[in-house]
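These notes are about the structure you will find just below.
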Amino acid sequence: MGQTFAEKVLARPSGKRQVKPGDIVEISPQIALSHDNTAAIVGIFQRMGGKKVFNPQMHAIFLDHAAPAPTTKHAENHRIIRDFVCEQGIPHFFDVGRGICHQVLVEEGLALPGEIVLGSDSHTPHAGVMGAFGAGIGRSEMASIWAVGTLWLRVPESLKITVTGKMPAWVTPKDLALKIIGDLGADGALYLSVEWHGNVIADMSLSERATLTNMAAEMGAKNSYVSPDDKTLAYLSNRARHDFEPVLPDSDASYLQVLEIDAGSLEPMIACPHTVDNVKPLSEVAGTKVDQAFLGTCTNGRLEDLASAAEILSGRKLSPGTRMIVIPASSEIFQEALRKGYVEDFLNAGALVESPGCGPCMGNHLGVPAPGEVTISTANRNFQGRMGTKESEIYLANPAVTAASAVAGKITHPNSLD
Amino acid sequence: MEIIRGRSWKYGDNVNTDVIFPGKYTYTVSEPTDMPAHALEDLDPNFARGVKPGDIIVAGKNWGCGSSREQAVTCLKEGGLGAIIAESFARIYYRNCLNAALPVLICPEAVQAIHDGEQIEIDLDKGEIRTNKGIYTFNPLPEVVREIFDAGGLIAHTKKRLEALD
């Protein structure tokens, strides 16, 4: 009997030849990712009696959630983290302005095929875009890894999603992810390892695949994975920090659940307030007034996402009374967007462009809505209160739809703009 | 282990961490003792005012979905909550509870049977939930998890491991 990706990748570091779903393994991750919550983890680490971290090379620490610091309290938080990084001699530290942890981990060649990334952030499954096993954990668990270098994991069952056919115009991986989350529900992949297969996935760019592995968190997945291929290896050729050994699932592996999707049947989708699985076709919610559009986040803040929005905004103006906030996911993306003229397109249209980071995604700063306002966003969550006030509504969409809606002042299909 | 006894606070499916402990407080409210005041703030304002030690949350599917924030567990644990019974839990939330030594029980039958406000009782050793409608059983924790739980949570457990290394 063949093995899934999760079974193989968790067997290797646990020192076992084979493991099966339900087994508990104790593993040491290659990467332990944390962000602004590192300050709180330092406190837990000290309460555990920790003095020196188990392995400074294992850490990847990013300041992105409230970066640059919006308040003195946040600044103090950042200072604690910088002091800790310095004192412990942690080499992989990325200060404010570098970008969102999940994107930067990939750019810096730290998310590698066949390796294990545990992060104190729920979107850590994102790392699966490079063929890594990425799973979110809690802060105490992160502190425990810092202290003793290992953590227990339950070997998950797997869900195989195969996407074949051809994606229609204006349909993006965001729409595919929303469609699946809407169909399966927010717990549709609870505890599962989600593997993405099929010609549509193989044809996608790494940036597009990242939207899928990122959004798997919203169906409850433990991790999410795309098999590394020539595109992955080419991207890593001058980025990977060390040698790696990819892990591929066997073709005769056993899956708890199999889902087959014909990409040709998809259309642009919107997640409506206040849950990510409250998904409707764009046509059903078109016309809903929006006060603010937000293009960015680890889900859809990459160069291709910015390009798609810039194409819509080029030569157009935002609707009077509608704001648009653009936040590139990383400084590398920001620089490339400047070179390609996208930033100019955004500014000419009347949008504002801010420094890389999570921004208003979880209500910290850089453009939170007022009570009663409606935001259309390329983010991954639209929970009540997510952007700061529970009296506002968030609709999730792909970048082109988000930009088109900012131009029209209401939720709009890009092909219906003048 | 003691018996957990208290009133039930019943909620629905997919209650997420943003309504259990709002994201806007994650970097501003950092003292555990300050957290219970914001527990379930955006879902049920009566909860933080009314919850008593030993009370039990009874929830539908996927309780605790969303972010990995532990404050969504701490705000309940610090407020004296005795346990959570649900049809299912989001996985990080489930781990966070075990690591905080807050009992989390998966028992869809009990969830169906229990009414909001009803007095219920949990016997962890026997694996029983006692309700007005009858007694429901749940699976015991895996051994490695029980060890963390018995140590009083992951912090105490890791502390012991570190001391053993010295």
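Quick check on A:K179: is it at pLDDT 95 or above, surrounded by fewer than 24 Cβ atoms within 10 Å (Cβ to Cβ) and in a loop (DSSP other than H, G, I, E, B)? I'd like the intermediate steps shown before the answer.
Numbers: at pLDDT 95 or above: yes; surrounded by fewer than 24 Cβ atoms within 10 Å (Cβ to Cβ): yes; in a loop (DSSP other than H, G, I, E, B): no.
When the stated conditions are applied, A:K179 does not pass them.
Can you confirm whether the stretch B:94-104 contains a residue that is within 14 Å of another protein chain (Cβ to nearest Cβ), among the small types (G, A, S), surrounded by fewer than 21 Cβ atoms within 10 Å (Cβ to Cβ) and over 30 Å from A:C358 (Cα atoms)? Lay out the reasoning, then the answer.
So the first thing to find is which residues in the stretch B:94-104 are within 14 Å of another protein chain (Cβ to nearest Cβ), and the list is B:94-102, B:104.
Okay, now just the ones that are also among the small types (G, A, S), so B:100-101.
From what's left, surrounded by fewer than 21 Cβ atoms within 10 Å (Cβ to Cβ): B:101.
Filter once more, keeping what is over 30 Å from A:C358 (Cα atoms): B:101.
Yes, the stretch B:94-104 contains at least one residue that is within 14 Å of another protein chain (Cβ to nearest Cβ), among the small types (G, A, S), surrounded by fewer than 21 Cβ atoms within 10 Å (Cβ to Cβ) and over 30 Å from A:C358 (Cα atoms).
To keep it simple, each residue is scored yes or no on (1) touching a Lys or Arg at 6+ places or on another chain (Cβ under 9 Å); (2) within 30 Å of A:T412 (Cα to Cα).
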{"site": "A:V200", "(1), (2)": "yes, yes"}
{"site": "A:S207", "(1), (2)": "yes, yes"}
{"site": "A:E218", "(1), (2)": "yes, yes"}
{"site": "A:V226", "(1), (2)": "yes, no"}
{"site": "A:Y235", "(1), (2)": "no, no"}
{"site": "A:N238", "(1), (2)": "no, no"}
*Filter the stretch B:105-125 down to the residues that are at pLDDT below 95 and farther than 30 Å from A:N223 by Cα, then identify the one that is farthest from the other protein chains (Cβ to nearest Cβ).*
B:D123
*Index of the failed condition, A:A169 passing every other in (1) at pLDDT 95 or above; (2) under 30 Å from B:I148 (Cα atoms)*: (2)
*From the list A:I81, A:I44, A:I61, which residue is facing chain B (nearest Cβ under 9 Å) and of a type in the set (V, I, T)?*
A:I44
_What pairs come out if I take residues in the stretch A:274-290 that are outside the structural domain of A:S405 (by TED's automatic domain parsing) and pair them with residues that are of a type in the set (F, W, Y) and modelled with pLDDT of 95 or more whose C-beta lies under 9 Å away, six or more apart or interchain?_
none
*asked:* Under 8 Å between Cβ atoms, which residue pairs at least 6 apart in sequence (or on different chains) link something in the stretch A:169-187 that is in contact (Cβ under 8 Å) with a residue 40 or more places away in the chain and closer than 18 Å to B:N16 by Cα with a partner that is in a helix (DSSP H, G or I) and hydrophobic (A, V, I, L, M, F, W, C)?
replied: A:L178/A:M215; A:I181/A:M215; A:I181/A:M219; A:L184/A:M219; A:G185/A:M219; A:A186/A:M219
*Sort out which residues of the stretch A:116-153 are over 27 Å from B:D18 (Cβ atoms) and at the interface with chain B (Cβ under 7 Å from one of its Cβ atoms), and write them in order of number.*
A:A147, A:V148, A:W152
*within 13 Å of chain B (Cβ to nearest Cβ), of a type in the set (D, E, K, R) and closer than 22 Å to B:K159 by Cα, is that true of A:K73?*
no
_From B:N132, B:N139, residue being at pLDDT 95 or above and either over 26 Å from A:A40 (Cα atoms) or touching a strand residue (DSSP E or B) at 6+ places or on another chain (Cβ under 9 Å) (or both)_ = B:N132
*asked:* Consider the stretch A:118-165. How many of its residues are hydroxyl-bearing (S, T, Y) and not in a loop (DSSP other than H, G, I, E, B)?
replied: 6
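Would you confirm whether or not the stretch A:76-89 contains a residue that is part of a loop (DSSP other than H, G, I, E, B), out of contact with any Asp or Glu (no Cβ under 6 Å at 6 or more places or on another chain) and surrounded by fewer than 18 Cβ atoms within 10 Å (Cβ to Cβ)? If you could, list the steps in order and put the result at the bottom.
Restricting attention to the stretch A:76-89, the residues satisfying the condition of being part of a loop (DSSP other than H, G, I, E, B) are A:89.
Add one more test, that the residue is out of contact with any Asp or Glu (no Cβ under 6 Å at 6 or more places or on another chain), and what stays is A:89.
From what is left, the residues that are surrounded by fewer than 18 Cβ atoms within 10 Å (Cβ to Cβ) are A:89.
Within the stretch A:76-89, one or more residues are part of a loop (DSSP other than H, G, I, E, B), out of contact with any Asp or Glu (no Cβ under 6 Å at 6 or more places or on another chain) and surrounded by fewer than 18 Cβ atoms within 10 Å (Cβ to Cβ).
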*Candidate set from the stretch B:82-92 (those that are surrounded by 24 or more Cβ atoms within 10 Å (Cβ to Cβ) and more than 9 Å from the chain's Cα centre (by Cα)); member that is modelled with the highest pLDDT*: B:A86
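The values are calculated or read from the model by the stated rules, or taken from the named source; none is laboratory data. Please read all numbers here as calculations on a predicted model, not as lab measurements. For neighbour counting, all protein chains shown are included, and Cβ atoms are generated from backbone atoms with ideal geometry for every residue, glycine included.
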